[in-house]
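Below is one structure; the comments refer to it alone.
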Amino acid sequence: MSPVCGRPGRAVRTALIFMISMALPGLARAGDITAFVTLPAPTENWSRGYGATLSSTWFQVVNLEAEAARLAPPIGVLTPYGGLGVGVFRQTLGSASDTGTLRAFILGAKVKLGLVVIKGEYRKINLSGGPFLEMTARISAGAGISF
């Protein structure tokens with residue numbers, strides 16, 4: 001049996017493809033890591049927040065993140081996007097807690113400059129049930145790296 005056949009052969013081929021894709025960074029960029037600062041609304045209930053996202057992109061059209069799947073056609077270095085998000089939220093106040101669902105309408109844009117990603121985003125937010133502190137919107141700006 002040849003050393004590149006069967007399971008060991010598949011592992012070698014997979015490793016070679018991975019190494020080649022890493023050597024070709026222009027073709028291998030499949031996502032980004034972004035840290036951001038956010039300003040939620042209403043401002044009477046919320047102050048500034050901080051967070052991070054990890055996204056993955058396939059074929060430069062579909063972008064997946066933890067909270068949403070979006071159509072994202074790039075226009076040069078700019079990638080505008082929009083979509084719907086669904087998730088889970090949890091709030092605690094002393095010994096009481098509330099867990100519910102979150103729905104969001106999202107509009108934003110990313111600018112990729114080499115390895116640097118700059119991102120801005122607006123989210124209209126709807127929390128289920130009767131949360132302790134209502135949140136209706138969030139504006140975020142951040143920067144990160146593309147990979």
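The values are calculated or read from the model by the stated rules, or taken from the named source; none is laboratory data. Predicted, not measured: the structure shown is a model, and the values here were computed from it. As a convention, Cβ positions derive from the backbone with ideal geometry for all residues, glycine included, and neighbour counts pool all protein chains shown. Only protein heavy atoms, including side chains, enter the accessible area calculation; ligands, DNA and RNA are left aside. Shrake-Rupley method; radii C 1.70, N 1.55, O 1.52, S 1.80 Å.
Rounded to the nearest percent, how much of the accessible area of the stretch 84-147 (1.4 Å probe, protein heavy atoms only) is carbon and sulfur? Walk me through the numbers on the way to the answer.
Details: 2480 of 3630 Å².
Solvent-exposed carbon and sulfur of the stretch 84-147 make up 68 percent of the total.
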- Where labels lie 7 Å past Cα in the beta-carbon direction, separation of Ser128 and Ala143 in nm: 3.9
- Message: As an exercise, use a Förster radius of 30 Å and the Cβ-Cβ distance of Asp98 and Ile118 to find the FRET efficiency, rounded to the nearest 0.05.
- Response: 0.30
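Under a 1.4 Å probe, what is the accessible area of the stretch 95-147 per residue, stated in Å²? Don't jump to the answer; show the numbers that get you there.
Numbers: 2780 Å² over 53 residues.
It amounts to 52 Å² per residue over the stretch 95-147.
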- Query: Contour minus end-to-end for Ser56 and Ala35, with contour as 0.36 nm per residue of separation and end-to-end as the Cα-Cα distance?
  - Reply: 6.1 nm
- Item | Point-to-point label distance, Arg90-Val77, nm (Cα→Cβ direction, 7 Å offset) | 4.0
